[in-house]
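All of the numbers you see were taken from the coordinates with simple rules; none came from a lab. Because the structure is predicted, anything quoted here is derived from the model rather than measured. Ideal geometry is used to build each Cβ from the backbone, glycine not excepted, and the neighbour counts take in all protein chains shown.
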Amino acid sequence: MKVLAALSGGVDSAVAAARAVDAGHDVTAVHLALSSTPAAVRSGARGCCSLEDARDARRAADVLGVPFYVWDVAERFGRDVVDDFVAEYAAGRTPNPCIRCNERIKFAAVLDRAVALGFDAVCTGHYAHLVDGALHRARDTGKDQSYVLAVLAPWQLARAMFPLGDTVKADVRREAHARGLAVADKPDSHDVCFIPDGDTAGWLRRHLGEQPGPIVDAASGTVVGGHDGAYAFTVGQRRGLRIGRPAADGQPRYVLDVSPVTRTVTVGTAADLDARTVVTGRPTWCSAPPSLPVSAVVQLRAHGEPIPAQVEATPGDTGLRLRLLSPARGVAPGQTAALYDGDRVLGSATVERAESGAADNS
Amino acid sequence: MAYLDHAASTPMLPQAAETMSGLLGQVGNASSLHAAGRRARRVVEESRETIAAALGARPSEVVLTSGGTESDNLAVKGIYWARRSADDRRRRVLVSAVEHHAVLDTALWLAEHEGAQVRWLDVDAAGRVAPAVLAAAIDEAPDDVALVSVMWANNEVGTVQPIGELAEVAHGYGIPVHTDAVQAVGQLPVDFAASGVDALTVTGHKFGGPLGAGALLVGRDVAVAPVMHGGGQERDVRSGTLDVPAIAALATAVEIAVKEQPERAERLAALRAALVHGVCRAVPDAQLNGDHVFSLDRRLPGNAHFSFPGCEGDALLMLLDARDIECSTGSACSAGVARPSHVLLAMGHDEARARGSLRFSLGHTSTAADVDALVAAIGPVVERARSAAQ
């Protein structure tokens, strides 16, 4: 097969590409330029796709003996991922940009271009396992990235390749060493790739400006503090709250709700954060849609705990209602709910709201 | 493999490679006073004489450098600083809008850090600077001009500039003229003295010499402040231990290139005609960029440059590369991300046209088979690139 291997400059994508070469595929490597003005060097482990990363990717391609190009997707990435990130926070939701990137860039814009240019598949270093075209969790459950791929539709998965699905991270690094890949010891990137210093609140402040407002206690309705911008807060957050006095019961307070229209951040107790029902928008199924209702396991964060649930369609098929068998703590609108049947990924949907309290029987 | 990127670099002439390898085993710093040093020095001086003779210069006018970029930096910075030292009003640097980045970026750097003002010389649709345009630009404030720099022939679209006339205009005001002749040597007749310019850049690897060796021809009475300070080599203009084997190879190559230039130009022009004809037949809506008149006074004989509507240049390049056909999009890439060519934009084309372009350049090893391979592939490649751009 003609395979386009996306090389980030990190160890995972390099080893993934190497395996594709070993499997006998005709591999071409590309590094995706996501910014028109990339930083010269990576600042530690944060961020990605600096010029240094591009060089590391090029060197990996040299070792693999495959052609190497840089594809400029900065404009699409800016629109589909970065602008979306800002807009979601501005709307009081919590986005996951890695999911948008997979959905709209890596397995859409890049995949479309690859197919038009004659490639059969796009290969990445994601930790996920494709079994007969069906998406599953990776063997390395600590590194499993099936959550961020749960947004892919069957046509995208049909042309995806994840060679690292059966390997644990430590072995991937060992393999990189054995293959003579200099990136074997390069630290993994984390956090949001386009916010290299990790200061998301500061980055949002630069994009959205200061939008001060009150912090309100849910139970009493009183104003207990102030903030510079509701976008810096997400449901379940405890840090960063400037609250004048401690709560009457001495318990810490958590963000329950963010309302950008009124610029209000509502806080409450840990118990208030518990959600037993989650309502989502329309799902994307990774293979043939299951007939609802169905039992599934729900994961609400990239490395969140999977929670057993009953999955139903909402009236009019506008989305899903997930009745969680045990509560999830702090479910924010905009998050992705990934649905699993054991290790197999059923699909995903975007959270619209959570409902706390006892399970609803309506 | 069909290599069609000779404007980027061209294979070393076997004679030049032989000269170079023959000297690699010989130790000697050309600045040393002992026998080994004198041996090395002799090779340098004989090479200098050869280079001078081939290019219509005097040996004392040849400053040996590491190549085109260094020579351009030395010319633009060195002449600017010298002219400004003599008269502090002289801050204006007149540069054509189609210069190579080695001249362009140097001029911009002088503007940002050395108080220069860059005045772009507009070009016509073929990429040419008219002498009247230069005169008008100088006239805006003639006493404030430090220097003029216009390349002999353009690297992207092959346009030949009226260097003699431009030099005459500038000299009417007593302003020195530098020309980057890197693409011209070996394809066109280049005579330093006859051209009238004050400084001229050449580099070896464009005409079958080695990488990393070039020269700046400078008139004896043209003041040039050094960029490289140190041991005082090259009459204090360019310090640094000389790369003797590379310089000798440079001399071997330039002598051959100049001697063979007339027949080479004819042979390349014929291959280029077949290439242009073939590409236009295979892709009827391909647009030829640059001067449509294919004569030596207008366009480099080995240069062809096309825009393919509805395509991205980097997709075309990738598809051709996969078929072992090697060419260039002609645009500068620092991060490997292509920017639309400033040359095409200066010629009045829009960004889409600039982004959908390819440069095909022929050289001394080019054959009809190279042209045939391109002509056979270009149709299907353009079709695929078009569908990828949808």
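Observations, loosely collected:
- The mean number of Cβ atoms from other chains found within 10 Å of a Cβ in peptide A:111-122 is 3, as a whole number.
- The aspartates and glutamates within cross-link reach of A:Lys169, meaning a Cα-to-Cα straight distance under 17 Å and a gap of 8 or more places when in the same chain, are A:Asp12, A:Asp140, A:Asp144, A:Asp185, A:Asp188.
- C-alpha long axis of helix B:35-55 to longest principal axis of chain B, angle in °: 50
- The stretch B:92-205 gives an Rg/Rh value of 0.94, both radii derived from C-alpha positions and Rh following Kirkwood.
- Rounded if a/c under 1.5, otherwise prolate or oblate - the stretch B:1-121, Cα gyration tensor axes: oblate
- Kirkwood hydrodynamic radius over Cα pairs of the stretch B:216-339, then Stokes diffusion coefficient at 10 °C and 1.306 mPa s, in µm²/s: 84
- Anisotropy class of the stretch A:2-185 from Cα gyration tensor, a/c 1.5 cut: rounded
- Sparse-neighbour loop sites [trypsin sites (Lys or Arg not before Pro); the stretch B:67-109; at most 13 other C-beta within 10 Å; DSSP]: B:Arg89
- 0 to 90° range, to nearest 10: angle between helix B:14-24 axis and chain B longest Cα axis: 40
- Normalised by 2.2 N^0.38 Å, with N the number of residues, the alpha-carbon radius of gyration of the stretch A:210-268 equals 0.98.
- In this simple spin-label approximation, B:Ala53 and A:Glu52 carry label points 7 Å from Cα along the Cα→Cβ vector, and these lie 5.3 nm apart.
- Unit charges on C-beta of K, R, D, E only; dipole of the stretch B:106-239, Debye: 520
- Where Rh is the Kirkwood radius over Cα pairs, Rg/Rh for the stretch B:14-255: 0.98
- Cα-centred dipole magnitude for the stretch A:210-268, charges only on beta-carbon of K, R (+1) and D, E (-1), debye, nearest 20: 140
- Each part reduced to its alpha carbon centroid, the stretch B:1-67 and the stretch A:84-109 end up 57 Å apart.
- Given R0 = 35 Å, the distance between the Cβ atoms of B:Asp321 and A:Asp185 translates into a calculated FRET efficiency of 0.65.
- Rg/Rh, computed from the Cα trace of chain A with Rh as the Kirkwood radius, has the value 0.99.
- In degrees, nearest ten, helix A:51-64 long axis to first principal axis of chain A (Cα): 40
- Separation between Cα centres of the stretch A:192-229 and the stretch A:291-320, rounded to whole Å: 30
- Annotation for the stretch B:266-321 versus the stretch B:159-210: alpha-carbon center distance of 25 Å.
- In this structure, the pairs whose alpha-carbon distance is over 27 Å, taken from A:Lys106/A:Lys186; A:Lys186/B:Lys206; B:Lys206/B:Lys259, are A:Lys186/B:Lys206.
- If a spin label sat at a point 7 angstrom from the Cα of A:Ala271 along the line to its beta carbon, the backbone N atoms of the stretch A:321-343 nearer than 19 Å would be those of A:326-331.
- Taking the charge dipole of the protein assembly as shown about its Cα centre, with +1 at Lys and Arg Cβ atoms and -1 at Asp and Glu Cβ atoms, the residue from A:Pro306, B:Gln161, B:Ala97 reaching farthest to the positive side is A:Pro306.
- Debye equation applied to the C-alpha atoms of the stretch A:273-355, log10 I(q)/I(0) at 0.12, 0.13, 0.22 Å⁻¹: -0.27, -0.32, -0.98
- Between B:His101 and A:Ala23, the C-beta separation translates, for a Förster distance of 41 Å, into a calculated FRET efficiency of about 0.50.
- Whole-Å semi-axes of the stretch B:182-274's equivalent ellipsoid (Cα gyration tensor): 29, 16, 10
- Descending semi-axes in Å of the stretch B:308-390, equivalent ellipsoid built from Cα gyration tensor: 21, 16, 12
- Taking 1.306 mPa s as the viscosity and 10 °C as the temperature, the Stokes-Einstein diffusion coefficient of the protein assembly as shown based on its alpha-carbon Kirkwood radius rounds to 53 µm²/s.
- With a simple spin-label model that places each label point 7 Å from the Cα along the Cα-to-Cβ direction, the separation between B:Ala369 and A:Arg239 comes to 6.4 nm.
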